[in-house]
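**Student:** What follows is a single structure, and I will ask about it in a moment.
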Amino acid sequence: MSDTELPEHVRENRAYWDGMADEWVAAGERSWRMREPTWGMWEIPEAELGLLPADMSGLSAIDLGCGTGYFSAWMARRGARVLGIDNSQKQLETARRLAAEHGVELELEHGNAERVPRPDGCFDFALSEYGAAIWCDPQVWIPEAHRLLRPGGELVFLGNSPWAIVCTPEDGDVVGERLVRSYFGLHRTDWSSVAIDPGGIEFTLTVSAWMRLFRATGFEVLDYIEIQAPETAEGTRHFASAEWSRRFPCEHAWKLRKRD
Ligand SMILES: C[S@@+](CC[C@H](N)C(=O)[O-])C[C@H]1O[C@@H](n2cnc3c(N)ncnc32)[C@H](O)[C@@H]1O
């Protein structure tokens, strides 16, 4: 699909990520060096969250918005055969280089996670950490992930929580303690013209709307985790301070299973 045929948010987000992929190289390299997976900006160990199967031998997995590919690598090191799909060629350049340097075999493909050119039911496991999880329209990518999974297959994703969107000031500064944006009706947030650190176009839903979408699509919820920053966390990461993130959920993670 040519750039002009892509939905507006996918086109906008492609330009945004291609433009700033260089800024994510160092973080990607650091995560690739880590043997144990951690989740989100406060790097909560997988051992605490239990979102990944411990042994992924023989599983076919897809990383929807794989970025620099560290989650793809972590799944591959657990034994999975992994396809990483990403909207940014520049991010994929980093992922390809790191896969070669670390000797990890990944299939990496340029594309839109809302429309993956793979047959129905061909994956056992689907994952997104800040990829499709926030950059794709849930009404499109959740049914697409469902289509790609076999019955009984699992989808796990993590992104910023609706609380974080509601508490982000109009100028795009880090989250504060005022409810600034409406909670009801949450869907698309366009950060491209905010004053501070302008970004792309993100999506989230209210918790009840996520639940309704999962049920309507054919997923059952196995777990829902509101991420809390640990006592030892300090400073500000990306959009939230450690202090804020100890009081409110800055991020959330869903673990879903495709109904038989
Ligand atoms: C924060 S990075 C993801 C980090 C990732 N978990 C890793 O292991 O590096 C977000 C990624 O989502 C990708 N993305 C945004 N929109 C997308 C879409 N429609 N389809 C696929 N990937 C998308 C971006 O290009 C970017 O590489």
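Every read-out reported here was derived from the displayed coordinates using simple, explicitly stated rules and does not represent laboratory data. Since the model is a prediction, treat every value here as computed from it, not as a measurement. Don't worry about glycine lacking a Cβ; one is built from the backbone with ideal geometry, like all the others, and counts go over all protein chains shown.
**Student:** Add +1 for every Lys or Arg and -1 for every Asp or Glu among the other residues with Cβ under 14 Å from the Cβ of HIS102, and state the total.
**Tutor:** On the way: positive: ARG30, ARG33, ARG35, ARG77, ARG96, ARG97; negative: GLU29, GLU101, GLU105.
Here the count lands on +3.
**Student:** Along its principal axes, what span do the Cα atoms of the stretch 3-258 show, with the longest given first and each in whole Å?
**Tutor:** Principal axes ranked by extent give 47, 43, 40 Å for the Cα atoms.
**Student:** Let me ask something additional. Under 14 Å from the Cβ of LEU149, count the other residues' Cβ atoms, weight Lys and Arg +1, Asp and Glu -1, and hand me the total.
**Tutor:** On the way: positive: ARG118, ARG147, ARG150, LYS255, ARG257, LYS258, ARG259; negative: ASP63, ASP120, ASP124, GLU144, GLU154, GLU220, ASP260.
After counting each charged neighbour, the total is 0.
**Student:** Restricting to bridges with both residues inside the chain, how much of the DSSP beta-bridge set is antiparallel, in percent to the nearest 5? Before the final figure, lay out the partial values.
**Tutor:** Working: 22 of 40 bridges.
Close to 55 percent.
**Student:** Provide, as a two-decimal number, the C-alpha radius of gyration of the stretch 1-94 over 2.2 N^0.38 Å, N being how many residues it has. Present the calculation step by step, with values, prior to reporting the outcome.
**Tutor:** Values: Rg = 14.6 Å, N = 94, 2.2 N^0.38 = 12.4 Å.
For the stretch 1-94, the normalised Cα radius of gyration comes out at 1.18.
**Student:** Full extension from ASP260 to ILE196: what is 0.36 nm times the residue separation minus their Cα-Cα distance, to one decimal in nm? Walk me through the numbers before you get to the answer.
**Tutor:** Working: separation 64, 0.36 × 64 = 23.04 nm, distance 4.58 nm.
Full extension of this stretch gives 18.5 nm more.
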